[in-house]
1. For the stretch 29-59: of the residues being closer than 13 Å to residue 100 by Cβ and part of a helix (DSSP H, G or I), which is farthest from the chain's Cα centre (by Cα)?
2. Would you point out which residue out of 16, 12 is surrounded by 15 or more Cβ atoms within 10 Å (Cβ to Cβ), part of a loop (DSSP other than H, G, I, E, B) and at pLDDT below 90?
3. From the list 227, 174, which one is outside any helix (DSSP H, G or I) and touching a strand residue (DSSP E or B) at 6+ places or on another chain (Cβ under 8 Å)?
4. Determine whether residue 188 is in contact with a helix residue (DSSP H, G or I) (Cβ under 6 Å, 6 or more places away or on another chain) and modelled with pLDDT of 75 or more.
5. Collect the residues in the stretch 84-93 that are over 22 Å from residue 39 (Cα atoms) and in a helix (DSSP H, G or I), keeping them in residue-number order.
6. Yes or no: the stretch 341-354 includes at least one residue that is surrounded by fewer than 20 Cβ atoms within 10 Å (Cβ to Cβ), under 16 Å from residue 237 (Cα atoms), touching a helix residue (DSSP H, G or I) at 6+ places or on another chain (Cβ under 8 Å) and not assigned by TED's automatic domain parsing to the domain that holds residue 242.
7. Please verify whether residue 373 is farther than 25 Å from residue 241 by Cβ and out of contact with any strand residue (DSSP E or B) (no Cβ under 9 Å at 6 or more places or on another chain), treating the condition exactly as stated.
8. Report, by residue number, each residue of the stretch 300-325 that is in contact with a helix residue (DSSP H, G or I) (Cβ under 6 Å, 6 or more places away or on another chain) and surrounded by 15 or more Cβ atoms within 10 Å (Cβ to Cβ).
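The values are calculated or read from the model by the stated rules, or taken from the named source; none is laboratory data. Owing to the predicted nature of the structure, the values given are computational and were not obtained by experimental measurement. Note that each Cβ is placed from the backbone with ideal geometry, even for glycine, and that neighbours are counted across all protein chains shown.
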């Protein structure tokens, strides 16, 4: 081996013969005790340290301190010494590959501010090198198409590489953006959420909507979320526009009252208090046919009243038939349909005529699909 200094490294001004030293180390450690082999290994690593330093200095100027690069290069040197097999060729060539790989891995995994795929990292380096080459050749900044043609890749890949390069050293939120240094970059990001103060109200309204009947919820959603007009809602539900206006006004009044109350009031069904509810009137014609006129909505809250009225009408003596006039009914739900089905079966069992007259289009469709099409009378 060449002359060494006190530290075991080659004397200043000499070049180390790495291949000869590695071959001597490989032959010398054969058949010796582990302690002696460890001493030989340490001597070879010390001898090759200047070589690792030169490899590290090749990567200066890339944002990493030389001390860190030297530590990484020395780690690669140790791996090369431990894995070297003299039968596979030159130690110097193997050490160059191992140390360079360790340094590149360090730049790939440790120096990027955010995670970027390895392929994109490599491409961003190639784009930077190609930009410098083409700038010198063209005397101007190359275009994306020229970079893509030079690197034999797509323009989208070049644009992605340029964008990902910003992830190598992301801007600090504490970086000053004004001359006095009082304003930082982070102060310019974000803003006050104007809707934050309405979160409590939104949660309250959501809970109150769940306490309303499904029909009112649907109408409110169509009006205020679907931006539908009252005429559109009336056409879809088969009721009048005036009825839609009344129901929406009632629902909004209840919501306002409930929002201002610590104890939200119960949803009052129509027909209570001073609101007009479902009404049933009965008259007998000269042929002893009872005409039961119904006004208002027939739903689960009013269906029992209609059931009682129809049962009493069917129980009257001398009755030859029963006609239910629904011209004043804008809505019939499942409860109302159940009552009419029950009355139809009871009239059939008593051999009495039974029919439904004056049903509005929406109500008629509900009754038809529910098995009452045969009792609907054409107006």
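1. 51
2. Values: 12 fails: surrounded by 15 or more Cβ atoms within 10 Å (Cβ to Cβ).
Criteria check complete, one pass: 16.
3. Testing whether each residue is outside any helix (DSSP H, G or I) and touching a strand residue (DSSP E or B) at 6+ places or on another chain (Cβ under 8 Å) leaves just 174.
4. Values: in contact with a helix residue (DSSP H, G or I) (Cβ under 6 Å, 6 or more places away or on another chain): no; modelled with pLDDT of 75 or more: yes.
Considered against the rule, which asks whether it is in contact with a helix residue (DSSP H, G or I) (Cβ under 6 Å, 6 or more places away or on another chain) and modelled with pLDDT of 75 or more, residue 188 comes out as no.
5. 87, 88, 93
6. The answer is no, given that none of the residues of the stretch 341-354 is surrounded by fewer than 20 Cβ atoms within 10 Å (Cβ to Cβ), under 16 Å from residue 237 (Cα atoms), touching a helix residue (DSSP H, G or I) at 6+ places or on another chain (Cβ under 8 Å) and not assigned by TED's automatic domain parsing to the domain that holds residue 242.
7. Here the answer is yes, as residue 373 does meet what is asked.
8. Initially, the stretch 300-325 is screened for residues in contact with a helix residue (DSSP H, G or I) (Cβ under 6 Å, 6 or more places away or on another chain), giving 300, 303, 306-307, 310, 314, 322.
303, 306, 307, 310, 314, 322 - these are the residues of the stretch 300-325 that are in contact with a helix residue (DSSP H, G or I) (Cβ under 6 Å, 6 or more places away or on another chain) and surrounded by 15 or more Cβ atoms within 10 Å (Cβ to Cβ).
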